[in-house]
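Report on the structure given below.
The values are calculated or read from the model by the stated rules, or taken from the named source; none is laboratory data. Please read all numbers here as calculations on a predicted model, not as lab measurements. Because the Cβ atoms are built from the backbone with ideal geometry, glycine has one as well, and the counts that use them run over all protein chains shown.
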Amino acid sequence: MDRKRDIAIVGAGPAGLMAAEVAASRGCTVDVYDHMPSPARKLLMAGKSGLNITNAAPDFASKLPDTLAPMVAAFGPAEVTAWTEGLGQPVFTGSTGRVFPELMKASPLLRAWLGRLDGLGVRLHRRSRWTGWSDDAMTFADGTAIRPAATILATGGASWRRLGSDGAWASLLPGATAPFAPANVGFRVDWSRHMERHLGAAVKNTGLIVGGTTHRGEITISRHGLEGGGLYPLSPALRDGAPLALDLKPDMTLDQVRERLARGRRDSLPNRLRKALRLAPVQVALLQEFGRPLPDDLASLVKHLPVPLAGPRPLDEAISTAGGLRFDALDERLMLRNRPGTFAAGEMLDWEAPTGGWLLTACLATGAWAGRAAADWTGR
């Protein structure tokens with residue numbers, strides 16, 4: 001390889017592959033190393049339920065940390081959409097602003113992407129676990145040692161380790177990382193036996209109250225607690241100990257709930273809740289689960305039902321992770337301050353974003369940013 005233009009990338013997820021595409025498009029020779037037998041396994045898993053590539057929300061950047069603003073400005077929703085369509089995958093925008101390939105799956109997109117990278121001369125080295133540095137050489141578990149002109153680390157977070165993101169790389173960057181924490185994750189609830197028949201039930205038309213603000217979104221009753229897209233954006237506050245409460249009738253005022261309940265005083269309580277408030281069976285079950293002994297002012301409980309959370313589910317069950325490589329260890333190019341020529345991108349960086357397109361877009365954006373910076377470094 002041309003020593004002046006070769007780039008080594010560690011990690012074959014979305015950030016690493018995007019960095020490879022950008023760097024190779026700028027004339028660099030690129031080698032991608034990944035310790036798994038196949039690339040982008042987490043992307044493929046995410047695509048099983050419909051690959052949400054980005055979001056058309058007009059305030060897209062507001063849901064991401066300010067540190068990512070320049071990266072997303074350079075490669076945001078419009079660029080991600082054009083890139084996807086450029087790989088032969090037409091997209092559509094759902095009612096919530098989420099953008100999906102028409103085929104909904106990740107595998108056709110990944111096949112087309114790997115084909116493009118192959119055409120650019122990018123070489124993928126599978127089952128190659130990076131083990132750090134020896135002097136100025138990058139080392140791998142199989143004994144390989146390389147000295148590229150630039151390096152991009154895109155090693156992922158610390159969740160879904162069976163798909164490759166095990167966080168083991170953190171020990172190779174001592175003093176530069178923040179502890180990992182689960183993000184976009186479910187929370188534990190110690191259910192009584194009477195909730196067993198509601199396991200798997202979706203809780204709809206319910207407000208999630210955190211920090212005095214009511215958020216709307218669907219959650220699901222799982223065997224271990226609560227999970228779902230409505231809960232995941234609240235992970236940072238709940239992880240830090242903020243209490244959660246449910247508003248079972250978010251479209252009614254407290255007085256309206258009281259008035260409805262007063263109409264059917266002759267009915268049994270379950271009938272009053274079902275007929276007067278039209279609560280779903282799972283909502284009634286939650287009221288019974290968390291509200292007993294039920295107070296005389298039942299309306300107040302309907303509008304603010306405290307939920308005793310027992311902490312987040314384990315790190316490995318989280319969709320993504322907070323923590324990782326701190327931004328104060330990087331310059332504005334995403335280059336490590338103590339190791340010139342080494343850049344970082346993707347979920348290994350210390351940031352978190354909600355699901356719904358933000359997470360994947362930010363990974364692609366930081367990968368593109370690092371790819372450009374590394375290519376510029378090799379040609380400086």
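Side notes on the structure shown:
- Test for Leu109: is it in a helix (DSSP H, G or I) and either assigned by TED's automatic domain parsing to the domain that holds Thr361 or buried (at least 21 other Cβ atoms within 10 Å of the Cβ) (or both): yes
- Filter pass, Gly311 being buried (at least 16 other Cβ atoms within 10 Å of the Cβ) and at positive phi: no
- Any hit, the stretch 43-51, residues being assigned by TED's automatic domain parsing to the domain that holds Leu114, under 14 Å from Leu364 (Cβ atoms), surrounded by fewer than 21 Cβ atoms within 10 Å (Cβ to Cβ) and without any contact (Cβ under 8 Å) to a residue 40 or more places away in the chain: no
- Looking across the stretch 125-163 at every residue that is more than 30 Å from Ile319 (Cβ to Cβ) and aliphatic (A, V, I, L, M), the one that is surrounded by the most Cβ atoms within 10 Å (Cβ to Cβ) is identified as Ala150.
- Filter result (farther than 14 Å from Met36 by Cβ, surrounded by 19 or more Cβ atoms within 10 Å (Cβ to Cβ), within 22 Å of the chain's Cα centre (by Cα) and not small (Gly, Ala, Ser)) within the stretch 164-179: Thr177
- Some residue of the stretch 352-359 being closer than 21 Å to Leu172 by Cα, assigned by TED's automatic domain parsing to the domain that holds Ile53 and outside any loop (DSSP other than H, G, I, E, B): no
- Residues that are at pLDDT below 95 and either among the β-branched types (Val, Ile, Thr) or within 14 Å of Asp31 (Cα to Cα) (or both) within the stretch 94-137 comprise just one, Thr96.
- Residue within the stretch 75-86 that is part of a loop (DSSP other than H, G, I, E, B), farther than 18 Å from Lys105 by Cα and either among the aliphatic types (A, V, I, L, M) or touching a Pro at 6+ places or on another chain (Cβ under 9 Å) (or both) present: no
Here's the yes/no breakdown for (1) surrounded by fewer than 20 Cβ atoms within 10 Å (Cβ to Cβ); (2) of a type in the set (Gly, Ala, Ser); (3) in contact (Cβ under 8 Å) with a residue 40 or more places away in the chain:
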position	(1), (2), (3)
Asp247	no, no, yes
Ala262	yes, yes, no
Pro295	yes, no, no
Ala318	no, yes, yes
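- When Ala365, Ala373, Ala322 are checked against the criterion of being in a helix (DSSP H, G or I) and out of contact with any Lys or Arg (no Cβ under 6 Å at 6 or more places or on another chain), a single residue qualifies: Ala365.
- Any chance Thr155 is part of a strand (DSSP E or B) and modelled with pLDDT of 95 or more: no
- Pairing each residue of the stretch 271-282 that is free of Cβ contacts under 8 Å to residues at least 40 places away in the same chain and under 16 Å from Asn205 (Cα atoms) with any residue that is among the charged types (D, E, K, R) and assigned to a helix (DSSP H, G or I), provided the two are 6+ apart or on different chains, yields C-beta distances under 7 Å for Ala276/Arg260; Ala276/Arg263; Leu277/Arg260.
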